[in-house]
Structures are given as C-alpha cells and as structure tokens.
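Trainee: One structure is given below, represented as structure tokens, and several questions about it will come after.
Read-outs: derived from the displayed coordinates by stated rules, not from any lab. Keep in mind the model is a prediction, meaning the values are calculated, not measured. Here the Cβ positions follow ideal geometry from the backbone for every residue, glycine too, while neighbour counts run over all protein chains shown.
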Amino acid sequence: MSNHFVRPDVQAFLDFLNAQPGPKMHELSATEARGMMVAMGSVAEEELGEIAVVRDLSIPGPAGAIPARLYDNREGRGAGPVMVFYHGGGFVIGDLDVYGPYCAEVSRQLDMPVVSIDYRLAPEHRFPAAAVDCEAATRWIAGSPAELGLQVTGLITSGDSAGGNLTIATTMALRDNPAAVPVLVQHPIYPVVTDSDDWQSMRDFADGFLLTADSMAYFHAAYQADANDYRGAPIRFSQEGMPPSLVTTASLDPLRDQGLAYVESLKAAGVHVQHRSADGNVHGHITLRKAIPSSKEDVAGNLAALKAMLAEVMENA
C-alpha cells in the first residue's frame, strides 16, 4: 500500500475489494461491468433516505429522448437554482439508480432540486455522445419547460469522474453559447480532464486503489475521446470566463494530479476556484458512503463549501 496515508475505513474497504475472487472489471463486457457497479452500489452506498420528490423525466435530445430523474426535498418550491448532475463510470458504466442516494443527499443538504442525467454510454455510443446529451439536457432544464415543473433561475453543474469531465465540458459549452439561465457554479468531483496518463498519481495508484490503470484503459478504449476536442480534454482549452468552481480530488486517486492541474488552469485563467481534497480516500468515494463511512464527512464538507460559494455568487448577482 506504499507510504501514502490511507484512512482505516478506506484500508478495510480496499482489503475487502482486493481479496474478491473472479474477473476484474476491465475483463468484463460493458453489460457485465455495469452489473458489477450496480451490485457494488447496493452494498457500498447509503440508502436513498427521505426525499419528497423522485420523478422520472424524458428530455428531448438530438439522438432521441434522454432519461433523467428529478430529486427534490420539497414537494413544491418557488423559482431558484437547480443542480444538473452527470454520473461517473468512465462513460461506460453508471446509471440513475447507483447515483440516486447521492443526488437525494445533495437535494437535502443544499435544499435544491437535482436533475440527474442518464446520458448515452460507450461503447454502444462513443465520444462525443455523452457530452452531446449532457449539453442538450442542461439547455432544456435551463429553459424551465413545463414538464420540469420548476422555475429555474440558474444552474449548478456537477458530476464525478467521467461526470466531472461532462461537468466541465457542459459548462464550457454554456460559457461559449449561453443557455436561458447562467451556470452559477460548477462542481467537478475527481474529474478526468485529459487522456494523458503521464502523472505521478497514475503511477502511484495504478493498482489496488479501486480505480486502476487497466480499468481506465478499458474505459478509454470504449469511449475513444478526441484529445483535440474540448469535450475530450478540457484542460487543453482556455478556462477563461468559467464560473466560480469547486473542484474535489482524492489523495489516493490515479486522477488526482490531473484534477490538481485543472485547479491550477482555472486559477491561471482568473477563475474563482476552491479545491477540496479527500485525504486518505479513493476515487469513487461519494457513492461508497456505507463501505467507507468517513466519506459522509467528505460529501458534507463539499456540499457546505458549495452552498457557501453559491450564496456568495447569488449575493453578488
């Protein structure tokens, strides 16, 4: 486990995970890999908990309907901001159900509606299908259509891992070609911002820390992102004019260093940015709150920081 600080509950989870027999995710078909993530979520993540509204939506997209799900801790509410959430899973796995408990928790802690987007997955739908769906869905939400049932005054874009990439790409698209309402804050969580694997954290955490170099290669081969397109490698493109940003990384994550580089690129572009590190924790921890109980504090800390950043933005609007 090397000389990196690992929390006791993280160590216990990794020991359990690494002792499991059978094939690893990168040895499975996409369908089997999706099943593996669902199975892990059912044992490793918290329950949905009390939430007033859970409602499925069908959003018109350029390639057909995009499924989505609305979570709201209030039955009814006045005009206000909405979070649009893009789930993780390497553009290959992940779904609305796996991320339901997290989205419900966000709605409770921020007292805000959250719409989770079920974008098309690879390898059936390669790059840039996921990004196309996320942009289209976010523009639809921004327009406060009757089917949404909400008067949206601003957006918070957020997602983890592949969803962190989709957060940044969508926010860039709306910066360059604004939607009906602005993105107030973006919150990418351990995002993938480049296809380059030349990072110290990639070498340090290539194996044994949940997200592996093998699984990342598997996801990359399936999605086939174009590094010459801002949606494939956003860090290679200007971040000027981006909204205030809260970026979360995890210290035991192969993606850590590219997340830190993204924070620096935002700072260099003059963007107001706050960085939070989950020290001693791994990639994926926001949906492992039962398996890694200390992750609850990471999530609560992120959301408290996000709430404060949003309050500041709205005060100065």
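Trainee: Going through the range 230-253 one residue at a time, which ones are buried (at least 20 other Cβ atoms within 10 Å of the Cβ) and outside any loop (DSSP other than H, G, I, E, B)?
Mentor: P234, I235, S245, L246, V247, T248, T249, A250, listed by residue number.
Trainee: So A217 ticks every box in (1) in contact with a strand residue (DSSP E or B) (Cβ under 7 Å, 6 or more places away or on another chain); (2) surrounded by fewer than 22 Cβ atoms within 10 Å (Cβ to Cβ) but one. Which box is left unticked?
Mentor: (1)
Trainee: So, one more: Those residues that are farther than 15 Å from Y102 by Cβ and surrounded by fewer than 18 Cβ atoms within 10 Å (Cβ to Cβ), I need them from the range 294-312; list them, please.
Mentor: Scanning the range 294-312 gives S294, A304, A305, K307, A308, A311, E312.
Trainee: Then there is this: For the range 175-229, which positions are over 19 Å from F127 (Cβ atoms), within 20 Å of the chain's Cα centre (by Cα) and part of a helix (DSSP H, G or I)?
Mentor: R175, S201, M202, A213
Trainee: Could I ask something else about it? Hey, does the range 296-312 have a residue that's assigned to a loop (DSSP other than H, G, I, E, B), under 16 Å from S161 (Cβ atoms) and either in contact (Cβ under 8 Å) with a residue 60 or more places away in the chain or touching a helix residue (DSSP H, G or I) at 6+ places or on another chain (Cβ under 9 Å) (or both)?
Mentor: no
Trainee: Kindly list the number of the only condition in (1) more than 26 Å from N316 (Cα to Cα); (2) more than 18 Å from the chain's Cα centre (by Cα); (3) acidic (D, E) that fails for D160.
Mentor: (2)
Trainee: Further question: Filter the range 137-160 for residues that are among the small types (G, A, S) and part of a strand (DSSP E or B) and give the result.
Mentor: G154, S158, G159
Trainee: In the range 72-87, what residues are in a loop (DSSP other than H, G, I, E, B) and either within 12 Å of the chain's Cα centre (by Cα) or without any contact (Cβ under 8 Å) to a residue 60 or more places away in the chain (or both)?
Mentor: N73, R74, E75, G76, H87
Trainee: S29 is checked against (1) of a type outside the set (A, V, I, L, M); (2) within 17 Å of the chain's Cα centre (by Cα); (3) surrounded by fewer than 22 Cβ atoms within 10 Å (Cβ to Cβ); (4) over 28 Å from P178 (Cα atoms) and fails just one. What number does that condition carry?
Mentor: Checking S29 against (1) of a type outside the set (A, V, I, L, M); (2) within 17 Å of the chain's Cα centre (by Cα); (3) surrounded by fewer than 22 Cβ atoms within 10 Å (Cβ to Cβ); (4) over 28 Å from P178 (Cα atoms), the one that fails is (2).
Trainee: Search the range 1-58 for residues being hydroxyl-bearing (S, T, Y) and in a helix (DSSP H, G or I), and hand back the single one that is nearest to M202 (Cα to Cα).
Mentor: Looking at the filtered set, the residue picked out is T31.
Trainee: Could we say that L260 is crowded, with 18+ Cβ neighbours inside 10 Å, more than 22 Å from F85 (Cβ to Cβ) and among the aliphatic types (A, V, I, L, M) here?
Mentor: It is false that L260 is crowded, with 18+ Cβ neighbours inside 10 Å, more than 22 Å from F85 (Cβ to Cβ) and among the aliphatic types (A, V, I, L, M).
Trainee: Residue under question is G90, and the condition is that it be outside any strand (DSSP E or B), in contact (Cβ under 8 Å) with a residue 24 or more places away in the chain and either under 22 Å from A129 (Cα atoms) or touching a helix residue (DSSP H, G or I) at 6+ places or on another chain (Cβ under 7 Å) (or both); does it hold?
Mentor: yes
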